[in-house]
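**Q** Below you will find the structure I want to go over with you.
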Amino acid sequence: MRRSLTLYGLTFSLPLLIWQLLFFVFPLVFLVALSFWTVKNFRMQADLDTVNWATMYGRSVFWQAYGTTLAMASAASVLVSILAFPCSYAIAFKLSETARRWAIFLMVIPFFTSYLVRVYSWQIFLSDAGIINVMLGWIGLGPFGLLNTVGATIVGYLTLTYPLVVLLQLFSLVFIDRTLIEAAHNLRCGRLRTVFAVIIPSARVGLVIAALFAFILSFGDFVSPIYLGGGDPTTLSILITDTTKSGQQWPRAAVIALTMIATLLFVAFVAVRFAYKGRSK
């Protein structure tokens, strides 16, 4: 059935349309146009030139940063999905309704504080004279260089994404048909086999979407690579900052940003297609 457009429907959909145009479409169009401008004598000129694309794609530092960012974001999304699943599983299937509400509330609390503040707190734990090295010193170990490493950056990514991934996984797990689990048990499936044969396939959409959000947040994060990773290795977000500071090269920074957007759109398309594969059959 065809739905006719009404003034009532247009009125309530107009704010969303305006929001998308002002804060997504227009900035994206401007970013595309900016990538074809040139900088001469520290001044940008509205030229239609592909020199910025050729320059950035011709530099090895760009591809190194791209590979590093892609690898670290992928590792963080896989790791946080694995670590979050036992928590979301326990909340969904082991807790009572009241306890589940309290658990959800506790997962929301980290969003009350600034992500930057949480990253600064990790510096206290990971520094050479930090809490972790002090505790290791009690048993005669360390100190270890935990700060300004790739591992510290991954810890920052987990800090950013873990509560959100648990919530997204949880919302998918709680809507699983419990009769499927009972049927698996009646067929003498153990708990572990039931998880992999019934629960994970049934919650595939939520699990994939949660991992996708973790990848998106990690891929574009700037705080953890700088304050926990020490800026080494260079990620795309750091490269954007360095590019803008180097001769006011905003057009080249636009090239990096557009590459990141294109990558995220591609990953999101593949992930959503995989998540909903076979759902319409």
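**Q** Go through the stretch 56-97 and count every residue that is surrounded by 15 or more Cβ atoms within 10 Å (Cβ to Cβ), of a type in the set (V, I, T) and over 21 Å from the mean Cα position of the chain (by Cα).
**A** Total meeting the criteria: 1.
**Q** Is it true that T235 is among the β-branched types (V, I, T) and over 18 Å from the mean Cα position of the chain (by Cα)?
**A** The answer is no for T235.
**Q** Provide a single number: the residues in the stretch 235-281 that are over 19 Å from F215 (Cβ atoms), among the hydroxyl-bearing types (S, T, Y) and assigned to a loop (DSSP other than H, G, I, E, B).
**A** Number of matching residues: 2.
**Q** Just checking, how many residues over the stretch 233-258 are in contact (Cβ under 8 Å) with a residue 40 or more places away in the chain and either closer than 12 Å to F219 by Cα or of a type in the set (A, V, I, L, M, F, W, C) (or both)?
**A** So the count comes out to 11.
**Q** Check A211 against each of (1) on the phi > 0 side of the Ramachandran plot; (2) in a helix (DSSP H, G or I) and name the one condition it does not meet.
**A** Failed condition: (1).
**Q** Mind checking which pairs have a first residue in the stretch 86-103 that is more than 19 Å from I199 (Cα to Cα) and a second that is surrounded by 12 or more Cβ atoms within 10 Å (Cβ to Cβ), Cβ under 6 Å, 6 or more apart or different chains?
**A** From residues that are more than 19 Å from I199 (Cα to Cα), the pairs are A103/I91.
**Q** Residue by residue through the stretch 165-198, note down the ones that are part of a loop (DSSP other than H, G, I, E, B) and among the aromatic types (F, W, Y). Explain how you work it out, then say what you get.
**A** Residues of the stretch 165-198 part of a loop (DSSP other than H, G, I, E, B): 174-177, 187-190.
Answer for the stretch 165-198, where residues must be part of a loop (DSSP other than H, G, I, E, B) and among the aromatic types (F, W, Y): just F175.
**Q** Which ones in the stretch 98-156 are exposed (fewer than 12 other Cβ atoms within 10 Å of the Cβ), of a type in the set (F, W, Y) and under 18 Å from the mean Cα position of the chain (by Cα)?
**A** Correct list: F111 only.
**Q** Could you list all residues from the stretch 22-55 that are outside any loop (DSSP other than H, G, I, E, B), surrounded by 13 or more Cβ atoms within 10 Å (Cβ to Cβ) and touching a Ser or Thr at 6+ places or on another chain (Cβ under 6 Å)?
**A** The answer is N52, and nothing else.
Every number in this text was worked out from the coordinates using simple rules, so none of it is lab data. All values derive from a computational prediction rather than experimental measurement. So basically every Cβ, Gly included, is an ideal-geometry build from the backbone, and we count neighbours across all protein chains shown.
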